[in-house]
Every structure is written in structure tokens, then in C-alpha cells.
Amino acid sequence: MSPSSEQEILLRFFSRWLPPVDSLHRNAGNEVRYILTTLSRLLPQFLGVKPSKEAMLQLLYNEGYTFFNRFHILFETTLGATEKTMGNLFDRPTPTNRSQKSDALLAETQERVHVNVDGNAVKALRSLTLPLPENTSAEKRAEREALRSALSTWCENLKESLPGGI
């Protein structure tokens, strides 16, 4: 598969299933590593392609998704340079950190980087790559099957719409 058709597939997938949201809410589901791992598992199953994590990351950056961590909005693809300081937006006081609210730990080296996508949508897509536990309710099973069916149908239509197919 050519890199341009792989990029086209990724672009269509992101615009349909993981469009950007207006919120900069931090969630385990919208963490960059979680998204990339989810797509590395999901895309080979449904589309038969496995794009590199670098290609997916580059696409997110090129399409204007916002990368952010606890204290800053990050714009560089290296995820290291900061453009705009967000102050203590995410460092809301709680009973345990009220006294140290202003003492943000800037020396944290393992700061999680997030993207402005709906974390719940990523989690739902990831669930399609995992086996269901035996005690899963019928309602949850139906929801998951509906998502699997919608994704399968969309992927088949995508394969047919690409010149030369996949």
C-alpha cells in the first residue's frame, strides 16, 4: 500500500471516528500512547493496514489536533516545545494538594500528553480489540456489536471507495 493511500485511510478514519473536540479535558482515553496503541490494534483487524505510530502522530499534528499536558498546550510534533502556557487550569485545588497548588512539579519527566479527541470514543473502539468477559450484560453486548457492525460497514465502504481498493 502506498503511503498516500495509508494517509488517506487514516485521515478518513480520524475525521469519522475521532474528530477533534473543543475540550482540553485530560482522560486516559485521549492520552497519545493510548490512542496510538488502540489504533495499532484496531486498524489491522478492520482495514488490514498497520500504519506506524509516527505516521498517525504526524497526521494528528498536520490535521490541527491539539496536543496538551497538564500545564501547557504543545504544538510541536516532538511533543516537547511549548507555545502557550495554560497556568493552573488543570491543577485545581483539592483537599490533598491545596497547599501545594502553586508549586507545580515542572520537573516531571513522564508527563502524559493528551489530544483533543473524545476519550470515551477511543475507549469504545479499543473495547472491540478485547474479548468480552462472560458476565457482560446483554445491553453492553448489544452496544458493542452495534459499534462493531457500524465500523465494519464503514471500513467496507472505505475499501470500495479507494482507487484500486486495499
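Looking only at region 32-65, which residues are buried (at least 19 other Cβ atoms within 10 Å of the Cβ) and touching a strand residue (DSSP E or B) at 6+ places or on another chain (Cβ under 8 Å)?
Val32, Ile35, Leu60, Tyr65
What number of residues within region 127-143 satisfy the criterion of being in contact with a helix residue (DSSP H, G or I) (Cβ under 7 Å, 6 or more places away or on another chain) and either hydroxyl-bearing (Ser, Thr, Tyr) or modelled with pLDDT of 95 or more (or both)?
Qualifying residue count, region 127-143: 2.
Anything in region 3-32 that is acidic (Asp, Glu) and outside any loop (DSSP other than H, G, I, E, B)? List them, or say none.
Going through region 3-32, the residues acidic (Asp, Glu) turn out to be 6, 8, 22, 31.
Within region 3-32, Glu6, Glu8, Glu31 meet the criteria.
Would you confirm whether or not region 102-124 contains a residue that is over 18 Å from the mean Cα position of the chain (by Cα), among the small types (Gly, Ala, Ser) and either farther than 21 Å from Val32 by Cα or modelled with pLDDT of 90 or more (or both)?
Filtering region 102-124 down to residues over 18 Å from the mean Cα position of the chain (by Cα) leaves 102-110.
Then keep just the ones that are among the small types (Gly, Ala, Ser); that gives 102, 104, 107.
Imposing the further condition that a residue be either farther than 21 Å from Val32 by Cα or modelled with pLDDT of 90 or more (or both) reduces the set to 102, 104.
Yes, region 102-124 has at least one match.
The values are calculated or read from the model by the stated rules, or taken from the named source; none is laboratory data. Keep in mind that this is a model prediction, so the values were computed, not measured. Backbone-built Cβ (ideal geometry, glycine too); neighbour counts: all protein chains shown.
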